[in-house]
Each structure stands twice: as structure tokens, then as C-alpha cells.
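Below is one structure; the comments refer to it alone.
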Amino acid sequence: MTDRSAKQRALEKFATFVNPQKVRVLKAAGLDIIEAERSGPWVWDLDGARFLDCFTSAGSFNVGRRNPRVVAAAHAAIDHLDNGNFLLCSQAKAELAAKLAEITPGDLSCTMFATGGGEAIDFAIKLARGSTGRPRILSSVNGYHGHTGFALSAAGRASFRQPFEPLMPEFVQVPFGDLDALSEAIDEHTAAVLLEPIQGEGGVVVAPPGYLAGVRAACDRVGALLILDEIQTGLGRTGRWWASEHDGVVPDIMTTAKSLGGSLVGISATVFTEELREFLIPNPFIHLSTFGGSDVACAVALEVIAVIEETGLVEHAAAMGERLFAGLHAIAETRPEVITEVRGRGLMAGVQYAEDSFGPRMSYHLARHGVLAIYSGNEPSVVRLMPSLVIEAEEVDFLLHALEQAIEDLVSGAGPEQDAPARPRRRPVRAAGAAAS
């Protein structure tokens, strides 16, 4: 059996037993990929084509695909540990929680673990309501916080919510970045304001200068809590450990997930102040997760944090981000008919196209030039470029060149039905073992 036939069989099984429409949509965008080999910022299709992964599962692979140190830590953990009994105390949980208290801003010092970002948001909302005794949660239009119960109620995209209504009561969305609108909506019934410092699914929309500080002040004025969702933006993505650090704002509750698992395990964390932990003292079992913060996952997450610290990955992301944005702005200046705006921070970039239709079409053309990049779910006219933080200068240049070539294809009218360049099948520009260097 050839690799190509193996890929086709995998796609057919996925369409039959999982989701046929996903296969159709991804094929139309040139992204009907079956991930095979993975290394650093690269991934290979089962048919041998190589891609620079600039989606990274919405920012889940900050330390690279199959980072050798993280893989070794996972092997070591599996040799000695398992998930652990979730009702017992855990050394692995204790060590990771202590490390999170060290690296998170201000007086955030207590942690509740879960398996994914939606669960972390669910607990953040429960903690806010339980601690304040208030019902209302303010979130933002086009915000994204997951698809679970409370998290879905806070979603800023109506199409995510409407099929499941009625949802949880007392959830209100206000325009992101509009401090006046938030100030009008927040009152003594508000338990918390829930925001992303940079809207990811909303199209990489950066909070305006002073906005987060204004939200912090508005919360303090009425006694509400500030929850910052750093699931996509945290762990070095924006050139700081946490995106809120760019604004000098400390939340009462913060969520992190995705890259915390090092692309190997599912783990998330809700980190909060000791003052808020008082709600849990008389209610120690009010929120439980069988696999949240498993012993194996905590061991992997500790190594992820160690890799970020010891390899200077936050500073590296800032430097590579400067190179990326310089190139993106230069391309935008020469192709205003295609790109109208470039925004973001660090290695979280959003490229705003002139038309909604350019999103899926450019995903197709970028894939033909060896770049995996997916348009935003809430904003199809925007492509998110979020490569692994281990990306090097020559790989940033590869991305920029691919973008230029993809724009040429778009403008020429090329499409799936026309001849297009063959997908690259080259090996990585560095050895797989150097992914964390």
C-alpha cells in the first residue's frame, strides 16, 4: 500500500465515522492533510508533503512538535506514573501548581487543574459566581472561550450558541475594546468580566492601549472579578510569558491550556488568588476532574515550562515576532488589494484580507507552498499565523516567501481546478533533535 492510498483510506474512514463535512471543507482549502511525522515547527502529510505549521492547533505547540526534551519527560513519567487517583493528594499536581504560582503575574497562587481550555473557563466562571454570590458574566463580541457549558454561554459568536439555547442565564456580550460599553454594562450584579487579551478566534484583535487597565479599574469599582483567558496567548506566545504583561494588568483569575501539554497531553489550569480560594475551603469537592492534572500530564507540563525558561523561548518569540511583523508589513504595503491590515504581538499574527473569500482561498494557496495556515473561525477574512516558538529566522523567511507566492497565485486566479506548484517534500532545515535549541 502506498502512502497516498493510506492517506485516502484515512480520509474516507474519517468522513464515514467522524465528520464528512470537515473533510469536504478542508479539501476545498487544500488542507486535507493526515499528519504523519512531526518535528519542531514542521509537520508532514502522510503522502510526504512537508508544511510549516502556522496554525499549531490554535497555539498548542509553542515548544514545537514532539520536542525531544518533552518527549523524554513523557517517557520517564509513563515509566513510573499513571493518571493518579484524583481524590488523593498528588506530588506532581503540587509541584506544577507551585511552578504556576511562580510564573504567573501578581498574587495568582492557587490552581485548579482540568484537561482542556473549556473546562478551565467553566471553573473560572463557577469560582467567580461562587466567590462573589453574583450571577452576571460579561464577555466580548467575537470572543472565544470553548464549547462546554458555561464557556459556550460566554462565547461571542451567536452561531456557536443558537443551536443549544436556552443556555446559562446572565451572560452578556459587549464589543471588545469599547470601554464605554463595558462601563455601562458592569454593575453590582456582575460577578466577573471574561476577556482574551488578544482575541484569537475573533481574528487576532489586540486590546487597544489602556483598555485592559480600564477594565481592571471598572471591575474594582463595582467589586467584580477580572478573568483573563490566556489559553492561546500565554506561555510566551506574544513575546511575554502572558499577554496581559504587555499592559501591566493582573487578573483575579487566569486560564492556561493548549501549549501547557507540550503537544503530547491534555492539561489546563485555572490560576487564581488565595482570597478566592476561601470559597473552596468549605466546599473542597465542589469541582472535580478525573483526569484533570493527571500525574503524567503534570510531569510533562513541568518540562514544558522548564524548556521555555532554559532555552529563552519567550525572548526568542519576541525576536522572531519582530522579524515576522517586519516582513508582513512590507508585503502588506506592496499588496494593498489583498492585505488591508496586519496585527498581533510576538508570534501571534493576524493578516486581514480585503475580502472574506480570500481566507479559504489563501489557505489553499499557502498550503501549495508548504504553509499550513487556517483562516479564523469567527472572521474568515483573517488568517492566523501562530507558528511554534522554536521557529528560526530562515523559517520565518520561508513563511514570508510562501505568503508572497500565495498572493501571486490568488491574484492570477489560480485555484483548485488549475495547475498549481507541487507541495514541498523537503526535509527540515535542521535536525529533529534540535527542535528545542
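Each value in this text was obtained by applying a stated rule to the coordinates, not by laboratory testing. On a predicted model such as this, the values are computed, not experimentally measured, just so you know. Virtual Cβ from ideal backbone geometry, glycine too; neighbours counted across all protein chains shown.
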If you line up the long axis of helix 358-368 against the longest principal axis of the chain, both from Cα atoms, how many degrees apart are they, to the nearest 10? 60
With runs of 4+ DSSP H residues as the only contributors, calculate the mean residue ellipticity of the chain at 222 nm using -39,500 (n - 2.57) per run, divided by the residue total and rounded to the nearest 500. -12000 deg cm²/dmol
Could you tell me how many cubic angstrom of Cα convex hull volume the range 211-300 has per residue? 108
Run through the DSSP bridge list for the range 68-310 and note the antiparallel percent, rounded to the nearest 5. 45
Can you work out the FRET efficiency for the pair Lys13 and Thr148, with r the C-beta to C-beta distance and R0 = 25 Å, to the nearest 0.05? 0.35
When the convex hull of the Cα atoms of the range 34-148 is projected onto a plane and the area is averaged over all directions, what value comes out in nm²? 10.8
For the range 212-221, what does the Karplus curve 6.51 cos²θ - 1.76 cosθ + 1.60, with θ = phi - 60°, yield as ³J(HN,Hα) per residue in whole Hz, taken in order and with x for Gly and Pro? 4, 5, x, 5, 4, 5, 5, 4, 4, 5
Need one number: nm distance between label points at Val172 and Glu35, each 7 Å from Cα along Cα→Cβ, rounded to one decimal. 4.0
Rounded to the nearest 0.05, what FRET efficiency do Ile103 and Glu278 give with R0 = 30 Å and r taken as the Cβ-Cβ distance? Could you check? 0.80
Using 1/(1 + (r/R0)^6) with R0 = 25 angstrom and r between the beta carbons of Glu355 and Arg24, what's the FRET efficiency to the nearest 0.05? 0.70
Any idea how far the Cα center of the range 277-328 sits from the one of the range 193-263, in Å? 14
Rg to Rh quotient for the range 88-137, alpha carbon positions, Kirkwood Rh: 1.02
If I take the Cα coordinates of the chain and project them onto the principal axes, what are the three extents in Å, biggest first? 65, 53, 43
What percentage of all Cα-Cα pairs in the range 34-83 are separated by more than 18 Å? 41
Hull shadow area, averaged, the range 68-310 [alpha-carbon convex hull, nm²]: 12.7
Which value, in debye to the nearest 20, describes the size of the charge dipole of the range 68-310 about its Cα centre when Lys and Arg Cβ atoms bear +1, Asp and Glu Cβ atoms bear -1, and nothing else is charged? 340
